[in-house]
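S.K.: Dropping a structure here in structure tokens format, bear with me for questions.
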Amino acid sequence: MNVIELQNLTKDYGHGRGIFDVNINVEKGQVYGFLGPNGAGKSTAIRHIMGFSKPDKGSVRVYGYDSFKDYDKFFDKVGYIPGEIALPEGLTGTEFIKMMGDLRHSKDNPKVKELLDLFELDPRFETKRMSLGDKRKLAIIVAFMNDPELLVLDEPTSGLDPVMQEVFIDYIHKEKERGKTIFLSSHIFKEIEDTCDLISIIKDGKIITTFNGDKIKHSKNKSYKCKFTSPEDMQSFLGKMKKHPLYSRAQNKEFYISKVENKKNQVIVNIVDNNINALVQLLTEYKLIAFKQVEFTLEDYFMQFYIEDKHYGGAL
Ligand SMILES: Nc1ncnc2c1ncn2[C@@H]1O[C@H](COP(=O)(O)OP(=O)(O)OP(=O)(O)O)[C@@H](O)[C@H]1O
Ligand SMILES: [Mg+2]
């Protein structure tokens, strides 16, 4: 049985907004990443997983239970961090933690101190006066403090500084080792890349691709940074690249331009290993300031689905 199972989940908010025929399966012990731009539908899908919203079509099952009808059957097993944190008025962090502990009948939980120390949060202040990062830390602590089997995390690190983001990533690794199942949405490529076994990219409410996290690490795609001496050289190279028989912007992305940085006279080209000679041949016509391989990242992969003409700096 999958821990989370979305089948043709559809929530139509009208005017093309919402999510449409979303299918996701998360197995026990998996870390599943959900990536997409603003408004893509991540939080909508997550609210359905948590049973807060009724699907228009399709089904959402968590531990085999209908998430909307039988939320109470799996509630105790889930830790949740909402995308937008709304804390109750007039409580200190300490009181809020206690209130959330009481809900789950847990008292003097040692994990609370451990988490407060790890994320360096002083919970004595009123939640209303807490900084954005501290509110996020409080939400993290509340989600993890009862040691739930399943974690559903909607942009868990937004608002955290880079040091705390690293602390969080380390913590996710440790939780994964302990067998936790984790569903995580994020805008931060590194966070997804570093932690996830499976990754889905959602765009305009539809999942456009699902792939194994290793695919990025062992990809045959390579990125090369080519820095030219003048804008004219760069534009000339872009023109030649576009006319090259291997150039394929829309299909297999085996010889294409992923980024144009006009101010730096710099282009990032993505190719598969086999096409390196063709690229080098094109470049021999120019004097280069730099030619360097850059790591092919999840961001590059993501951008393959988002390439728009604006990325080509008007050169094409
Ligand atoms: N309750 C609602 N009523 C109407 N439209 C909604 C509602 N909730 C979300 N939407 C719309 O559905 C789409 C998906 O929104 P959602 O919040 O799921 O995106 P998201 O991927 O979480 O974005 P972000 O990265 O900005 O958090 C958006 O177009 C949004 O305006
Ligand atoms: Mg969201």
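The values are calculated or read from the model by the stated rules, or taken from the named source; none is laboratory data. Note that the structure is predicted; figures quoted are calculated from it, not measured. Cβ sites come from the backbone with ideal geometry, for glycine too, and all protein chains shown count toward neighbours. Note: areas computed on protein heavy atoms with side chains; ligands, DNA, RNA excluded. Shrake-Rupley method; radii C 1.70, N 1.55, O 1.52, S 1.80 Å.
S.K.: Heavy atoms only, probe 1.4 Å: what % of the accessible area of the range 4-216 goes to carbon and sulfur, would you let me know?
M.R.: On the way: 5020 of 10130 Å².
With neighbouring chains kept in place, the figure for the range 4-216 is 50 percent.
S.K.: May I ask which residue of GLY83, GLY64, GLY51 lies farthest towards the positive end of the charge dipole of the range 37-90, with charges of +1 (Lys, Arg) and -1 (Asp, Glu) on Cβ and the Cα centre as origin?
M.R.: GLY64
S.K.: Another question, if that's okay. Can you tell me the 0 to 90 degree angle between the C-alpha axis of helix 231-243 and the longest principal axis of the chain, rounded to 10?
M.R.: With rounding to tens, the tilt is 90 degrees.
S.K.: Using only Cα atoms and rounding to the nearest 10 degrees, what angle (0 to 90) does helix 132-144 make with the longest principal axis of the chain?
M.R.: Tilt of helix 132-144: around 60 degrees.
S.K.: For the range 169-203 and the range 101-120, compute the distance between their C-alpha centroids and round to whole Å.
M.R.: 23
S.K.: Would you calculate the separation in nanometres between label points at GLU261 and THR209, each defined as 7 Å from the Cα along the Cα-to-beta-carbon direction?
M.R.: 2.3
S.K.: Quick one: with all protein chains in place, what share of the accessible area of the range 219-312 is carbon or sulfur, to the nearest percent (1.4 Å probe)? It would help to have the intermediate numbers written out before the result.
M.R.: Numbers: 2510 of 5120 Å².
Exposed carbon and sulfur together represent 49 percent of the surface.
S.K.: Moving to a separate point now. Placing +1 at every Lys and Arg Cβ and -1 at every Asp and Glu Cβ, with all other atoms neutral, what dipole size does the range 4-216 have around its Cα centre, in debye to the nearest 20? Please report the intermediate quantities before stating the final value.
M.R.: Details: 30 positive and 35 negative charges, 102 e Å.
Its charge dipole is roughly 500 debye.
S.K.: Something else about it: Using 0.36 nm times the number of residues separating ASP66 and LEU246, minus their current alpha carbon distance, what extension gain do you get? It would help to have the intermediate numbers written out before the result.
M.R.: Details: separation 180, 0.36 × 180 = 64.80 nm, distance 4.90 nm.
Extending this stretch completely gives an extra 59.9 nm.
S.K.: Convert each backbone phi in the range 271-277 into a coupling constant with the Karplus relation 6.51 cos²θ - 1.76 cosθ + 1.60 (shift: θ = phi - 60°), then list the ³J(HN,Hα) values in order as whole Hz, x for Gly and Pro.
M.R.: 9, 8, 3, 4, 9, 4, 4
S.K.: Here's another thing I want to ask about it. Restricting to the chain, compute how many DSSP beta bridges are antiparallel as a %, nearest 5.
M.R.: Values: 40 of 58 bridges.
In the chain, DSSP labels about 70 percent of beta bridges as antiparallel.
S.K.: Rank by packing, highest mean first: peptides 89-101, 18-30, with packing defined as the count of other Cβ atoms within 10 Å averaged across residues.
M.R.: Values: 89-101: 16.1, 18-30: 17.9.
Most protected by this proxy first, the peptides run 18-30, 89-101.
S.K.: Enumerate the lysines that LYS259 could reach by cross-link, defined here as Cα to Cα under 19 Å, with residues fewer than 8 away along the same chain left out.
M.R.: LYS190, LYS220, LYS222, LYS225, LYS227, LYS240, LYS242, LYS243, LYS292, LYS310
S.K.: Per residue, how large is the accessible surface of the chain? Use a 1.4 angstrom probe and give square angstrom.
M.R.: 50
S.K.: Then there is this: What's the FRET efficiency of THR94 with ASP147 using the Cβ-Cβ distance as r and R₀ = 25 Å, to the nearest 0.05?
M.R.: Details: r = 20 Å, r/R0 = 0.79.
That pair, THR94 with ASP147, gives E of 0.80.
S.K.: FRET efficiency for ASN2 and ASP102, Cβ-Cβ distance as r, R0 = 25 Å, nearest 0.05? Walk me through the numbers before you get to the answer.
M.R.: Numbers: r = 31 Å, r/R0 = 1.26.
For R0 = 25 Å, the calculated efficiency reads 0.20.
S.K.: Okay, next question. Taking the Cα centre of the range 219-312 as origin, sum charge times position over the Cβ atoms of Lys and Arg (+1) and Asp and Glu (-1), and report the length of that vector in debye to the nearest 20. It would help to have the intermediate numbers written out before the result.
M.R.: Numbers: 15 positive and 11 negative charges, 27 e Å.
Once rounded to the nearest 20, the dipole reads 140 debye.
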